[in-house]
Every structure is written in structure tokens, then in C-alpha cells.
Amino acid sequence: MSQKKNIFNFKVKKIDGTEVSLSEYKGKVLLIVNTASKCGFTPQFKELESLYKEYNEKEFEILGFPSNDFSEQEPLEGYDIQSFCEINYGVTFPIFDKTKVKGKNQSELFKFLSDKKQNGSINSTPRWNFHKYLIDKNGEVRDYFYTFTKPTANRVKTKIDQLLKE
């Protein structure tokens with residue numbers, strides 16, 4: 001029997017272009033979100049930050065991955081993305097480099113997150129910005145939430161609470 005693949009096998013780029021291993025987040029529950037600065041759902045940054053502040057001291061992290069895949073709603077690059085998030089929404093959770101979350105150039109991480117054959121749990125490719133993947137402390141994909149599900153919704157918090165207790 002092969003070992004179940006998890007997100008800790010992946011490396012991603014920070015906003016400054018340096019590579020980081022997601023294994024740095026072992027033992028934490030993660031919410032991975034594809035974001036955009038010019039989207040009707042961009043105000044979710046405020047709710048994401050609220051969720052982050054509520055749970056961050058409980059072994060929880062939010063990882064933001066800006067994407068320009070949906071109607072080119074992420075025109076910014078690099079530090080401009082991070083500055084936008086900090087200045088307009090007070091974001092303190094990590095924002096990574098611009099990422100392809102769908103299509104033929106989809107990043108390896110998002111291929112894994114969206115394909116049940118790879119992650120062993122769900123099939124759910126982002127249909128729009130602010131699609132959310134919930135990852136357990138072992139780096140396994142456990143759930144997802146569509147764009148229109150608010151980050152502070154009870155169902156999101158309930159799932160996070162369950163995973164924090166495991």
C-alpha cells in the first residue's frame with residue numbers, strides 16, 4: 001500500500017520569489033485560498049483575516065495564493081499584491097506568489113488539491129476566486145468551500161474546530 005500523498009510534498013514561492021516547503025506547516029490545520037485583488041469577492045480578505053486572528057494561536061494558518069485565472073482579476077504582481085492586502089484589509093496571513101489554479105498550466109499544488117486521484121479525498125477545481133481548501137494537520141485535503149461560502153461561516157468554523165481536535 002502506498003503512502004497517501006499530502007501537501008507537505010510541495011514547494012511554493014513566496015511573494016519575493018523564494019521557495020518554501022509546505023512541510024513547514026506540519027501539525028497545523030490550513031485553509032488554502034486562491035485570491036484576487038479586483039474581484040467582487042475581494043472583501044473576503046477581511047473575513048479571512050478575522051478567521052486567522054480567531055484561530056491562529058490554535059495551530060491554524062491561512063495561505064493565500066493570488067491568481068489571475070478568472071477574468072484577469074489579479075492584475076498586481078509581487079509585493080504590490082501583498083501591500084494591497086495589508087493596506088486595504090489588514091491581512092497578516094501569508095500571501096504567496098501569483099499561481100495558476102486551473103487549466104493546462106495549473107500549479108502542481110492546485111492539481112493535487114483539486115484532483116481526487118491525487119489527494120485521495122475530493123474533486124474540486126476552483127471555479128472562481130476565493131475557493132477554499134481545508135487541510136488537516138497531516139497535510140491531507142479534508143474539505144473545500146466554494147467562493148460564495150464566507151470564511152467566517154459556521155460550517156467552515158465547525159470543520160476547523162473538528163480538525164483542530166484530531
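Only one of these is at pLDDT 95 or above, closer than 25 Å to A153 by Cα, open to solvent by 60 Å² or more (accessible area, probe 1.4 Å) and not hydrophobic (A, V, I, L, M, F, W, C): E47, E86. Name it.
Working: E47 fails: open to solvent by 60 Å² or more (accessible area, probe 1.4 Å).
Only one candidate qualifies: E86.
Looking at region 126-159, which of its residues are under 27 Å from S71 (Cα atoms) and either of a type in the set (F, W, Y) or out of contact with any strand residue (DSSP E or B) (no Cβ under 9 Å at 6 or more places or on another chain) (or both)? R127, W128, F130, Y133, Y144, F145, Y146, F148, K150, T152, listed by residue number.
From D143, D80, D161, which residue is in a helix (DSSP H, G or I), at pLDDT 95 or above, closer than 19 Å to L31 by Cβ and open to solvent by 30 Å² or more (accessible area, probe 1.4 Å)? Answer to the selection: D161.
So in region 1-41, with the set limited to residues that are hydroxyl-bearing (S, T, Y) and either over 22 Å from R155 (Cβ atoms) or open to solvent by 10 Å² or more (accessible area, probe 1.4 Å) (or both), which one is nearest to the chain's Cα centre (by Cα)? If we take residues in region 1-41 being hydroxyl-bearing (S, T, Y) and either over 22 Å from R155 (Cβ atoms) or open to solvent by 10 Å² or more (accessible area, probe 1.4 Å) (or both), then Y25 is nearest to the chain's Cα centre (by Cα).
Restricting attention to region 95-129, the residues that are open to solvent by 20 Å² or more (accessible area, probe 1.4 Å), more than 19 Å from G17 (Cβ to Cβ) and part of a loop (DSSP other than H, G, I, E, B) add up to 11.
The values are calculated or read from the model by the stated rules, or taken from the named source; none is laboratory data. A quick note: this is a predicted structure, and the numbers were derived from the prediction, not measured. So basically every Cβ, Gly included, is an ideal-geometry build from the backbone, and we count neighbours across all protein chains shown. Keep in mind that these areas ignore ligands, DNA and RNA; they rest on the heavy atoms of the full protein, side chains included. Shrake-Rupley method; radii C 1.70, N 1.55, O 1.52, S 1.80 Å.
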